[in-house]
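K.L.:
Let me begin by handing over the structure; questions about it come next.
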Amino acid sequence: MRIKKMLDIIESGLQFDGVFCFNDISAIGAIQALREKGYSIPDDVSVVGYDDIAFAHFIQPKLTTVRIDKQKEGEEAFELLYEMIKRKEFVNKKLVLDVELVVRETT
């Protein structure tokens with residue numbers, strides 16, 4: 001979630017006490033927007049990111065995030081793409097990878 005989008009949500013008057021962002025960079029942007037508007041993280045709003053980038057551990061407060069095995073994700077994506085290239089047709093396959101919630105200071 002980019003800063004502008006988070007600001008739009010805040011200014012809409014929508015009541016919320018948590019934000020789950022599709023990646024850690026968006027979560028960091030959401031934290032910045034929330035702070036600009038006077039919110040305390042996590043006292044007023046909890047923020048969770050997704051992908052556990054290195055900066056997630058270094059920002060203040062440290063970002064709670066969902067960790068996924070990026071190596072495994074890349075290997076699975078390659079295998080699916082390779083299968084489609086060999087078949088010369090779209091392959092519809094559902095894939096579920098294990099994730100881990102890394103609880104830090106934003107929740």
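K.L.:
Quick test of your reading of the structure: Lys72 fulfils all but one of (1) over 21 Å from Arg2 (Cα atoms); (2) within 13 Å of the chain's Cα centre (by Cα). Name the failing condition by number.
P.N.:
Failed condition: (2).
K.L.:
If you go through the stretch 1-36 one residue at a time, how many are closer than 12 Å to Val48 by Cα and either in contact (Cβ under 8 Å) with a residue 60 or more places away in the chain or not charged (D, E, K, R) (or both)?
P.N.:
So the first thing to find is which residues in the stretch 1-36 are closer than 12 Å to Val48 by Cα, and the list is 1, 17-31.
Adding the requirement that they be either in contact (Cβ under 8 Å) with a residue 60 or more places away in the chain or not charged (D, E, K, R) (or both) leaves 1, 18-23, 25-31.
Looking only at that region, the number is 14.
K.L.:
Another one. Can you run down the residue pairs with Cβ atoms below 6 Å, 6 or more apart or on separate chains, where the first is in the stretch 43-55 and among the polar types (S, T, N, Q) and the partner is open to solvent by 30 Å² or more (accessible area, probe 1.4 Å) and not in a loop (DSSP other than H, G, I, E, B)?
P.N.:
Qualifying pairs under 6 Å: Ser46/Gly18.
K.L.:
Please verify whether the stretch 64-81 includes one or more residues that are touching a residue at least 40 places away in the same chain (Cβ under 8 Å) and open to solvent by less than 90 Å² (accessible area, probe 1.4 Å).
P.N.:
yes
K.L.:
Okay, moving on. Here are some conditions: (1) modelled with pLDDT under 95; (2) closer than 27 Å to Asp44 by Cα. Glu100 meets all but one. Which one does it not meet?
P.N.:
(1)
K.L.:
Consider Leu101 carefully, then state whether it is open to solvent by 70 Å² or more (accessible area, probe 1.4 Å) and farther than 30 Å from Asp8 by Cα. It would help to see each step written out before you state the result.
P.N.:
Numbers: open to solvent by 70 Å² or more (accessible area, probe 1.4 Å): yes; farther than 30 Å from Asp8 by Cα: no.
Taking the combined requirement at face value, the residue does not satisfy it.
K.L.:
Could you list, in sequence order, all residues of the stretch 1-34 that are surrounded by 12 or more Cβ atoms within 10 Å (Cβ to Cβ) and among the basic types (Lys, Arg)?
P.N.:
Arg2, Lys5
The values are calculated or read from the model by the stated rules, or taken from the named source; none is laboratory data. Remember, it's a predicted structure, so these values are computed and weren't measured experimentally. Reconstructed Cβ throughout: ideal geometry from the backbone, glycine too, with neighbour counts over all protein chains shown. Ligands, DNA and RNA are excluded from the accessible area calculation, which covers all protein heavy atoms including side chains. Shrake-Rupley method; radii C 1.70, N 1.55, O 1.52, S 1.80 Å.
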